[in-house]
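Novice: Please see the structure below; I have some questions.
The values are calculated or read from the model by the stated rules, or taken from the named source; none is laboratory data. Owing to the predicted nature of the structure, the values given are computational and were not obtained by experimental measurement. Cβ placement follows ideal geometry from the backbone for every residue including glycine, while neighbour counts extend to all protein chains displayed. Note: accessible area is taken over every heavy atom of the protein model, side chains too, but ligands, DNA and RNA are not part of it. Shrake-Rupley method; radii C 1.70, N 1.55, O 1.52, S 1.80 Å.
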Amino acid sequence: MPGRRHDDRVHTLVDRLTGSAFITAPWPQLEPVDLRTAESQVSDPSWNTISFEEARRRSTRIVRTATIRRAPLVSRMDIEEVEYHELLWKPNWLLDGTLGGRQLRILVDALSGGYYVVGS
């Protein structure tokens, strides 16, 4: 888009397990990685509670909300998706343990400290 400044970009992350959307600091420009190669394959454990399309909607919604809060008189804004990454993993720990004689698998969010039972 002509006249678009680099600082007009907003970076978001959507946690597909919890559905939470976040505005993040700008990411460093990385070289593209072909996720289809065997060396770089990461399997999706299918713990997602929202679809990729719903994650995209939540990302757009958080950008609109933040823009309205900063400039309440803005009546119309155009949001253009420049780039997306369907699989972007954040740091987490996956723990196996026993509680009351019951085997549990727990995912611990390394950013928030939150935890989720993902298997028993």
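Novice: Of the residues in the stretch 7-30, how many are open to solvent by 80 Å² or more (accessible area, probe 1.4 Å) and either modelled with pLDDT under 65 or within 12 Å of His85 (Cβ to Cβ) (or both)?
Specialist: Of the residues in that region, 3 qualify.
Novice: Further, regarding this structure: Run Asp96 past the list (1) more than 14 Å from Trp47 (Cβ to Cβ); (2) surrounded by 10 or more Cβ atoms within 10 Å (Cβ to Cβ); (3) at pLDDT 85 or above and report the number of the one that doesn't hold.
Specialist: If we test Asp96 against (1) more than 14 Å from Trp47 (Cβ to Cβ); (2) surrounded by 10 or more Cβ atoms within 10 Å (Cβ to Cβ); (3) at pLDDT 85 or above, just (2) comes out false.
Novice: Where residues in the stretch 45-81 are assigned to a loop (DSSP other than H, G, I, E, B) and surrounded by 11 or more Cβ atoms within 10 Å (Cβ to Cβ), which of them is modelled with the highest pLDDT?
Specialist: Per the stated criteria, the residue is Ile50.
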